[in-house]
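The values are calculated or read from the model by the stated rules, or taken from the named source; none is laboratory data. It should be emphasised that the depicted structure is a prediction, and the values quoted were computed from it without experimental measurement. Neighbour counts run over all protein chains shown; Cβ positions are idealised from the backbone, glycine included. Please note that ligands, DNA and RNA were not included when accessible areas were found on the heavy atoms of the full protein model with its side chains. Shrake-Rupley method; radii C 1.70, N 1.55, O 1.52, S 1.80 Å.
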Amino acid sequence: QKEVEQDPGPLSVPEGAIVSLNCTYSNSAFQYFMWYRQYSRKGPELLMYTYSSGNKEDGRFTAQVDKSSKYISLFIRDSQPSDSATYLCAMRTSGGYQKVTFGTGTKLQVIP
Amino acid sequence: NAGVTQTPKFQVLKTGQSMTLQCAQDMNHNSMYWYRQDPGMGLRLIYYSASEGTTDKGEVPNGYNVSRLNKREFSLRLESAAPSQTSVYFCASSDVTQGSSYNSPLHFGNGTRLTVT
């Protein structure tokens, strides 16, 4: 079983929709949770990060962590065609500075 | 500001050939990494270098060697390429300080697409 599970999609939504992307994990020692966005033929770039449980909002993006359920989510409000990309969840333990574990990524397409 | 630069962008090798993937960062970061990305497997860490002069194995190090040439440069070498090494390779860097609670993000290059036939 992988430490981090992520639905690969693809997920296709109309412009303006609310998008929910999710990951589950099995390692209870994970403390830092991140979402990366990867455009086609580009490297991933950090979109959001949260420490431990709770919500964090940044513009149209909200990251949510539920450590009791070992479940993290990324919500995108008012989705735009420019949001079309692959979204990777990532996480690490408190001391595992160099060892980030990634999900396999969910490919999102926002249709104009 | 270039960030993380990887060369080459594309490469085709025959089984048994060797090559070195180059990576350089201009952000003065301490840590550098090599990942491979495969469909259905996500990003997997091959090797990392926490600081100049140190390297450590990641999740999938077999068949690879690395050199941290200086603070800026971190190369990945395939001594005898195999078809199983067909992948997209990403170099990344981060400004990690041990003991700090700051979560320094990984900064990635745009990848090298390697095919081994």
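Among residues of segment B:32-76 being open to solvent by 50 Å² or more (accessible area, probe 1.4 Å) and of a type in the set (A, V, I, L, M, F, W, C), the one that is nearest to the other protein chains (Cβ to nearest Cβ) is B:Met41. Cβ separations smaller than 7 Å between residues 6+ apart or across chains give the following pairs from segment A:73-100 residues that are within 14 Å of chain B (Cβ to nearest Cβ) to residues that are outside any strand (DSSP E or B) and surrounded by fewer than 21 Cβ atoms within 10 Å (Cβ to Cβ): A:Ala85/A:Tyr39; A:Arg92/A:Lys99; A:Thr93/A:Ala29; A:Tyr97/B:Val96; A:Tyr97/B:Gln98; A:Gln98/B:Ala50; A:Gln98/B:Val96.
Determine whether segment A:12-31 contains at least one residue that is in contact with a Pro (Cβ under 8 Å, 6 or more places away or on another chain) and at negative phi. Yes, segment A:12-31 contains a residue that is in contact with a Pro (Cβ under 8 Å, 6 or more places away or on another chain) and at negative phi.
Among the residues of segment A:56-70, those that are outside any strand (DSSP E or B) and surrounded by 13 or more Cβ atoms within 10 Å (Cβ to Cβ) comprise A:Arg60, A:Lys67, A:Lys70. Looking at A:Ser79, A:Ser53, A:Ser73, just one residue is open to solvent by 40 Å² or more (accessible area, probe 1.4 Å) and either closer than 29 Å to A:Pro112 by Cβ or more than 12 Å from the chain's Cα centre (by Cα) (or both), and that residue is A:Ser53. Among the residues of segment B:77-100, those identified as within 13 Å of another protein chain (Cβ to nearest Cβ) and within 19 Å of B:Asn110 (Cβ to Cβ) are B:Val88, B:Tyr89, B:Phe90, B:Cys91, B:Ala92, B:Ser93, B:Ser94.
So which of A:Met91, A:Met34 is in contact with an Asp or Glu (Cβ under 9 Å, 6 or more places away or on another chain) and either outside any strand (DSSP E or B) or under 24 Å from B:Val60 (Cβ atoms) (or both)? Matching residue, one of A:Met91, A:Met34: A:Met91. Looking only at segment A:1-29, filter to residues that are part of a strand (DSSP E or B) and within 12 Å of another protein chain (Cβ to nearest Cβ); which one of those is farthest from A:Val110 (Cα to Cα)? So, considering only residues that are part of a strand (DSSP E or B) and within 12 Å of another protein chain (Cβ to nearest Cβ), the one farthest from A:Val110 (Cα to Cα) is A:Val4. One residue alone among A:Gly59, A:Gly43, A:Gly105, A:Gly95 is out of contact with any Ser or Thr (no Cβ under 7 Å at 6 or more places or on another chain) and at positive phi, and that residue is A:Gly59.
Tell me yes or no: at least one residue of segment A:39-52 is within 8 Å of chain B (Cβ to nearest Cβ), touching a residue at least 60 places away in the same chain (Cβ under 8 Å) and not in a strand (DSSP E or B). No, segment A:39-52 contains no residue that is within 8 Å of chain B (Cβ to nearest Cβ), touching a residue at least 60 places away in the same chain (Cβ under 8 Å) and not in a strand (DSSP E or B).
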